[in-house]
Amino acid sequence: MYDTGIVIRRPTKNDILPLSELVYRFYAFNEEFDSSWAIVSNAKEIATKIAESMINNTNINVFVADYDNVLSGYIKSVTNENPLLINNKIEIIKELYVKPQMRRTGIASMLIQKLSEEISKSGIKYIAVEFPVQNWIATDLYKKLGFRPYSTTYIKEV
Amino acid sequence: MSIERINIREINENDLNQVVELIVRLKSVNEELDANFKVVNNIYDVVTNYVKESINNDKVVLLVAEDEIDKTIAGIIRFIIIDRLFYEPRIKAEITDFYVKPIYRRKKLGVTLLQKAIEYAKLKGAGIITAIYPAGNDIADNFYDKQGFIPLNKEKYKTCI
């Protein structure tokens with residue numbers, strides 16, 4: 001393996017602002033694929049609060065991709081538990097975003113790899129991901145990374 | 001959000017800020033779809049000038065879809081009249097910017113905006129209407145396919161290194 005210069009690590013307080021920009025971009029992009037993902041008018045402000053809450057939060061897994069002291073991507077996941085199932089824990093990627101100019105460099109793969117290594121330590125054997133069904137960019141990415149369709153969610157207005 | 005309360009009309013100076021926001025969003029989506037569309041740092045300034053020039057250019061039509069209740073601009077469509085010079089029909093309307101806020105989607109607002117744009121294009125003498133957008137935009141592909149558009153031109157690129 002050659003050194004890409006990209007470091008995958010846990011975020012720190014110093015990352016809050018750039019991380020909030022990535023969180024905002026993730027949601028702003030996904031709203032384009034489904035109106036149910038439409039973001040609020042003060043989404044940037046809320047993204048900052050969310051980024052703050054992602055630091056040292058033991059209920060979620062968050063890693064950032066640091067390239068030359070600039071954040072170029074992040075991943076956030078939660079553990080879904082169901083004691084009825086033999087595989088009673090599945091790690092769900094709730095958010096994964098890589099800046100457009102840093103795509104096709106393997107960052108998404110590195111983020112997932114790092115997360116997989118971490119959750120393996122807790123005995124978790126499966127990792128899944130959620131995103132709007134029309135987000136073909138995500139579909140293509142996860143297929144390439146060896147994911148298969150696993151669960152389906154339908155939605156309707158009430 | 002219902003589109004029954006939406007009025008489609010030509011842009012005026014009072015719409016500037018909202019229209020700029022929508023066009024910036026559109027350009028930012030393009031950036032997500034292809035890194036070759038990385039937006040410039042002063043995108044808001046650039047789009048503001050672009051919209052102002054559009055208002056004052058008789059070759060350009062910029063329509064807005066306004067929510068009559070809260071005066072929100074729910075979507076925009078902009079086209080430019082181009083003389084094809086060598087080909088008939090000579091006059092084409094080229095859609096350069098088309099965006100509907102996500103919360104207003106799935107209500108046929110895009111179709112209504114397009115139909116209105118076609119009406120305006122006819123009044124400007126256009127015999128055909130085309131749309132230009134990044135090759136990786138599958139949402140736009142699906143939309144225009146459904147509306148009966150077919151491929152016309154191709155644009156290829158390589159970096160000058």
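At a glance:
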{"quantity": "3J(HN,Hα) from dihedral phi, region B:144-156, Karplus parametrisation 6.51/-1.76/1.60, rounded to Hz, x for glycine, proline", "calculated": "5, 4, 4, 8, x, 6, 10, x, 10, 10, 10, 10, 10"}
{"quantity": "Aspartates and glutamates whose Cα lies under 15 Å from that of B:LYS156, excluding same-chain neighbours fewer than 8 positions away", "calculated": "B:ASP34"}
{"quantity": "Between region A:82-108 and region A:1-58, the Cα center-to-center distance that results, in Å", "calculated": "14 Å"}
{"quantity": "Contact order relative to length of region A:6-144, as percent, for alpha carbon pairs under 8 angstrom and 6 or more apart", "calculated": "25 percent"}
{"quantity": "Accessible heavy-atom area order of B:SER28, A:SER122, highest first, probe of 1.4 Å", "calculated": "A:SER122, B:SER28"}
{"quantity": "GNM result for chain B, Cα springs below 10 Å: residue of B:ASN42, B:ASN57, B:ASN30 fluctuating most strongly", "calculated": "B:ASN42"}
{"quantity": "Solvent-accessible area, 1.4 Å probe, carbon plus sulfur percent, for region A:6-144", "calculated": "51 percent"}
{"quantity": "In Hz, Karplus ³J(HN,Hα) per residue of region A:137-154 (6.51, -1.76, 1.60; θ = phi - 60°; x = Gly, Pro)", "calculated": "5, 5, 4, 4, 4, 5, 4, 4, 8, x, 7, 10, x, 10, 9, 10, 10, 10"}
{"quantity": "Nonlocal amide H pairs with B:GLY75, under 5 Å, H built at 1.01 Å", "calculated": "B:ALA65, B:LYS101"}
{"quantity": "Accessible area (Å², per residue) of chain B, counting only protein heavy atoms and a probe of 1.4 Å", "calculated": "60 Å²"}
{"quantity": "Choice from B:LYS107, B:LYS124, B:LYS27 showing the highest fluctuation, given a GNM over chain B with Cα pairs closer than 10 Å", "calculated": "B:LYS107"}
{"quantity": "The protein assembly as shown - charge dipole about Cα centre, Lys and Arg +1 at Cβ, Asp and Glu -1, debye rounded to 20", "calculated": "700 debye"}
{"quantity": "Exposure rank, largest accessible area first [A:PHE33, B:PHE98, B:PHE37; 1.4 Å]", "calculated": "B:PHE37, B:PHE98, A:PHE33"}
{"quantity": "Protein accessible area in region B:28-102, 1.4 Å probe - carbon and sulfur %", "calculated": "50 percent"}
{"quantity": "Loss of accessible area when A meets B, both sides summed, Å² nearest 100, probe 1.4 Å", "calculated": "1500 Å²"}
{"quantity": "Entries of A:LYS44/B:LYS158; B:LYS71/B:LYS116; B:LYS71/B:LYS146; A:LYS49/B:LYS71 with Cα pairs more than 26 Å apart", "calculated": "A:LYS44/B:LYS158; B:LYS71/B:LYS146; A:LYS49/B:LYS71"}
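The values are calculated or read from the model by the stated rules, or taken from the named source; none is laboratory data. Computed from a predicted structure; not experimentally measured. Here Cβ is always computed from backbone atoms with ideal geometry, including for glycine, and neighbour counts include all displayed protein chains. These accessible areas exclude ligands, DNA and RNA; they are computed on the full protein's heavy atoms, side chains included. Shrake-Rupley method; radii C 1.70, N 1.55, O 1.52, S 1.80 Å.
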